[in-house]
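As C-alpha cells, the structure follows; a few thoughts come after it.
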Amino acid sequence: PTALDQANTLSILKALGKQSTGSSADNASPTTPTSSGVALMSETQQVMNARLDSLVEKGDLSGAASMFAKLKLEQKADVISCNTMVKGFARKGDWNMVDTVIKEMVTLGLQPSVVTYNSIMHEASLQNGRDKVQETLAKMIERGLRPDVYTCSIALRMIKGGAAHRPELDRVLQLIKE
C-alpha cells in the first residue's frame, strides 16, 4: 500500500471512530484499498495506533486495553501507543494504571518521553491535581528529561495567586531559564 492509501485509511478510521458509539472500532478489520483497487493489507503500526487513539477518545478504555494488548502481542507497541494509553487512564484519573503503563513501556524497551509526562500533568491539571502535577514533574526531572514550554505552561496553570505559592512560581521560572 502506498502512503496515500494508508493516509486515506487513517482518515476513514478516525471518522468512523468519531461516529461510532460502541466498541466496534476494536473489532473492525479495516483494509486499505490499494492504488490497483484491491483491498488487502495487514494492519500497520500506524493504523493500529490510530484505532487505539479512536478508542481512547471515545472513552472506551476496555476496547483500548484490548487493542494495546494486540499491539504488544504483535510487537507493534511503541511510545505513541503507550502514550495513548497513558492519556486514556490519566483522563479517568486512574493513576495506578498510568504507572502500570509506564512500567510496561520500560519492560518493552521504550522510554517515557517529555510528551508522556506532559500528558499526565495536563490531565492532572484539568482535575485540579496540583500534587499529581508536582509529583509527575519531579519524576520527569529524575529521569533526566528537560521540561519544555508545555511542561512549564501546565505547571504555571496550577499555581494560584498568593505569597504561599511563591516557591512554586520560582521553581517553574527556574525551569524556564534552564
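The values are calculated or read from the model by the stated rules, or taken from the named source; none is laboratory data. Note that the structure is a prediction, hence the values are computed from the model and not measured. Glycine also receives a Cβ, built like all others from the backbone with ideal geometry; neighbour counts cover every protein chain displayed. Accessible surface areas use protein heavy atoms only, side chains included; no ligands, DNA or RNA. Shrake-Rupley method; radii C 1.70, N 1.55, O 1.52, S 1.80 Å.
Out of (1) within 30 Å of residue 167 (Cα to Cα); (2) part of a loop (DSSP other than H, G, I, E, B), the odd one out for residue 77 is which? Every listed condition holds for residue 77 apart from (1). Residues of the range 51-63 that are out of contact with any Phe, Trp or Tyr (no Cβ under 7 Å at 6 or more places or on another chain), surrounded by 21 or more Cβ atoms within 10 Å (Cβ to Cβ) and not β-branched (Val, Ile, Thr): 51, 53, 54, 55, 60, 63. If you filter the range 124-163 down to residues that are within 18 Å of residue 87 (Cβ to Cβ), open to solvent by 20 Å² or more (accessible area, probe 1.4 Å) and in a helix (DSSP H, G or I), you find that the one that is modelled with the lowest pLDDT is 157. Scanning the range 80-112 for residues that are polar (S, T, N, Q) and either over 16 Å from residue 48 (Cβ atoms) or outside any helix (DSSP H, G or I) (or both) gives 96, 100, 107, 111. Only residues that are within 17 Å of residue 107 (Cα to Cα), open to solvent by less than 30 Å² (accessible area, probe 1.4 Å) and small (Gly, Ala, Ser) were counted across the range 64-93, and they come to 2.
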